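Presented below is the structure to which this report refers.
Values in this text are rule-based calculations from the coordinates and carry no lab data. Just so you know, these numbers come straight off a predicted model, no measurement behind them. Because the Cβ atoms are built from the backbone with ideal geometry, glycine has one as well, and the counts that use them run over all protein chains shown.
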Amino acid sequence: MARTLVEAVGIEVRRGMGVVLSNHHLELNQGDIMVLEGANGSGKSTLIEAVARLLPLEKGHISHGEHLVVDHEGRRKPSPLNVSLVLQKNGLLGCERVQEHLDIAMRMTGSTIDSTHFLEAFSLTHRASDNISNLSQGQARKVAVLSALLPAFASSEPCIVLMDEPDAGLDDRSMDALCGWITELNHLGHGLIISTHDERIKSLATVRHHLPDGTTTAVQNENHETKLSPQRPNSQQGQITPGQFGWNMQWRTLAWLNQNAMAALLTLGILLSLGELSDNLTEMQQLGFILAPALAAGLCGDAMVAMCREERTASWWYCVGTGTPHSGMLPFLLGGGITLLSSIAHTGSIELNTMVIGAILTGCVAHLLRFAQQSTERLARPQAVFIGLLTPVLILPYALLLDLLTR
Amino acid sequence: MKMKVGEVLLLFGFIGIATTMLLAFLWAPSVSINAFESPAAQRIFYWHVPSAWAAFIAFGALFVGSVGWMFKRSELMWRIHIAGSEAGLATGLMTVWSGCVWGAAEWGTPWDWSDVRLNTFGLLTLLAIYLVLGRNSQPDGVETRDTFAAFGLYGFILVPFTYVATRIWSIRHPGPVIGTDDGGSLNADMGLILLFGTLSFTLLIFGHMLTSMRITSFEQRIEALQIQLDGGK
């Protein structure tokens, strides 16, 4: 008997002011191609995002491979199975490279395969080393679709493949290739949930799930006698963590220089321009001056948060990875460096202790701000929220820290 | 046109506050010149303390509304959340502004970053600004409500913290003048005006919140009608 990969029991999901899914049930077994059918606004994307653990449930629960992953009491646990995803937005950063993104997606499963054949079929071979930002919308969509398919091809374990309108913007040749791969994944024993209006993909369905009523119909499908490629050789590769990814992207874009380091340098410059006014400072005030650039750097938060909002990259990472990308140790290093500079500029000497304190200050403040920024991710316009209004909460702890250090 | 309860309370609140100010400037006894740098500025206390009291009521309503929305998904509770944040913003600004004026006269500086109570109260007011502006920047929906209700809950931690801050970490801000073990430091006339001001601000804040809830209710009805016209349910 086929193993159940996804089970949604009595789920209710609200979006905006409406209830999109109500008392909804769904079961996806190994080897199923489940096509979601329904008019615009019937809840297809919502169902895919709920299964991907991206949406909270008002009622019911969802299990992956018999392990509860999300329920109405707010529990959200990592999936025990490999999950790959393509949302309506591509989940890519413009500064990522095509091959790099596909490797990252595959490494989430712990193994990789040669993607040459896939890139050829999608006419992307010549773009393999290119930045995503240089691709056309259709090409970027192909990369997003491949990043959902390749992990399943690389994985030796059954995968859950979630695709929301993968056909959007694809030409006929690419659609033929996509349909072939979907059938192949079905034969390899993976489970696919696909939301689409495309008749070619619909014809591949083994199960049709209609929304909003939630009726499921099994389909006898002759298309399944497709000639299969031999099992592709895979090699073991460790996962890339969100911190590693964030670190790489920060160095590639130098976003930290534009955002955090500039704020710190400007603060340092302003304090130094006070000249004689800063000559007769108490010990606490002087330490406050030395550490102020580090605090300013931290108060700018983490540039990765804004970057990941571009194409719902954070959602993609949350679903397929182990968390959302962040800058990791970078703010700590920046804080240490800027405090060293500030210390030399103010006192003419290098103080290791102060440098360490500056590093911790910037790192902690930047990550605290990141958590605050990420807490607004569910909003329709997270960039429109005035999170900076809450940053003065950090001034008092800063003052208490200075007091403590100079006692 | 028939006035609603909220508007009646608002009207009485305004009249009471205006009377309090008149009494504060014309009738309240002066404080000792030895105890204060700027004795005349002390009269702002009849505005400052009642508005801080009203702000605590508003932030209490914000907390109740946030909890109610998070656990009951109740429309009424969401209206209370909105009313609490708007009233908290209004009274928080009144308190902070009047405190700055008094601080400038008495301490020689309008703000002291090292004073816990000043800072926590300032932060509460910033939280109210954040909630009001943030909510206005988003379409209404469960995502918006969940997020801001969560911030409302976190912010409420600051209310008891602010209340006890004067007793524990008082650096510059004066300690409580009522509700203390020694019976307080106010004479009878001062206490009477303060009580009248507090009652007036209480009427104002309840009037403000009831009116705000009524406006939100109208907005929700308009939105429901718009959705109906769009062809939705």
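Just to confirm the filter: which chymotrypsin sites (Phe, Trp or Tyr not before Pro) across the stretch A:331-395 are DSSP coil and have at most 16 other Cβ within 10 angstrom of their Cβ? Present the calculation step by step, with values, prior to reporting the outcome.
Values: sites: A:Phe332, A:Phe371, A:Phe386; in loops: A:Phe386.
Passing both the DSSP loop test and the Cβ count: A:Phe386.
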On a full-extension model of 0.36 nm per residue, what is the gain between A:Ala2 and A:Thr215, subtracting their alpha-carbon distance, rounded to one decimal in nm? 74.6 nm
For A:Thr253 and A:Arg309 in the same chain, what is the full-extension length gain: residue separation times 0.36 nm, less their Cα-Cα distance, in nm? 18.6 nm
Put a dot 7 Å past each Cα toward the Cβ at B:Asn187 and A:Phe371; how far apart are the dots in nm? 5.2
Of A:Val83, A:Val356, A:Val143, the most mobile residue in a GNM of chain A (C-alpha springs, cutoff 10 Å) is A:Val356
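Defining a contact as two alpha carbons under 8 Å apart and six or more residues distant in sequence, what relative contact order in percent does the stretch A:21-139 show? Let's see the in-between values first.
Details: 99 pairs, mean separation 19.1, N = 119.
It comes to 16 percent, rounded to a whole number.
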Whole-Hz Karplus couplings 3J(HN,Hα) for the stretch A:186-193, θ = phi - 60° and coefficients 6.51, -1.76, 1.60, Gly and Pro as x, run 4, 5, 6, x, 7, x, 10, 10
Under a plain spin-label model, where a point goes 7 Å from the Cα along Cα-to-Cβ, how far apart in nm are A:Lys202 and A:Ser278? 6.9
Sorted by chain and then number, the residues having a modelled amide H within less than 5 Å of the amide H of A:Glu37, at least 5 places away or on another chain, are A:His209, A:His210, A:Leu211
Per GNM of chain A with C-alpha springs under 10 angstrom, the most fluctuating residue out of A:Leu204, A:Leu268, A:Leu277 is A:Leu277
So what J values fall out for the stretch B:51-66 if you push phi through Karplus, 6.51 cos²θ - 1.76 cosθ + 1.60 with θ = phi - 60°, rounded to Hz, Gly and Pro as x? 5, 5, 4, 4, 5, 5, 4, 4, 5, x, 4, 4, 5, 4, x, 5
Peptide A:371-381 - average C-beta neighbours from other chains (10 Å radius): 4
Mind listing which GluC sites (Glu not before Pro) in the stretch A:61-104 are in a DSSP loop and have 16 or fewer other Cβ atoms within 10 Å? A:Glu66, A:Glu73
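Taking 30 Å as R0, compute the FRET efficiency from the Cβ-Cβ separation of B:Tyr154 and B:Arg73 and round it to 0.05.
Working: r = 19 Å, r/R0 = 0.65.
So, using R0 = 30 Å, E works out to roughly 0.95.
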Given R₀ = 60 Å, what would the calculated FRET efficiency be for B:Met3 paired with B:Thr109, taking r from the Cβ atoms and rounding to 0.05? 0.85
Select from the stretch B:27-83 those trypsin sites (Lys or Arg not before Pro) which occupy a DSSP coil region and have at most 15 other Cβ atoms within 10 Å, ordered by residue number. B:Arg73
Rounded if a/c under 1.5, otherwise prolate or oblate - the protein assembly as shown, Cα gyration tensor axes: oblate
Tell me, what ³J(HN,Hα) does each residue in the stretch A:309-325 have, in order and in whole Hz, if you take phi through Karplus 6.51 cos²θ - 1.76 cosθ + 1.60 with θ = phi - 60° and put x for Gly and Pro? 7, 3, 10, 6, 4, 4, 5, 4, 5, 4, 6, 9, x, 10, x, 9, x
Amide H neighbours of A:Val70 under 5 Å, counting only residues 5+ apart in sequence or on other chains, H built in-plane at 1.01 Å? A:Ile62, A:Lys77
If you line up the long axis of helix A:283-299 against the longest principal axis of chain A, both from Cα atoms, how many degrees apart are they, to the nearest 10? 20
Using the Cα centre of the stretch A:98-181 as the reference point, and only Cβ charges (+1 on K/R, -1 on D/E), how large is the resulting charge dipole? Debye, rounded to the nearest 20. 140
log10 I(q)/I(0) for the stretch A:4-236, Debye formula on C-alpha points only (no solvent), q = 0.12, 0.14 Å⁻¹, two decimals, reads -0.63, -0.87
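Counting DSSP beta bridges with both partners in the protein assembly as shown, what percentage is antiparallel, nearest 5?
60
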A:Ser84's amide H: which non-local residues (gap 5+, or another chain) put their own amide H closer than 5 Å, with H modeled 1.01 Å from N in plane and none for Pro or chain starts? A:Ile160, A:Val161, A:Leu162
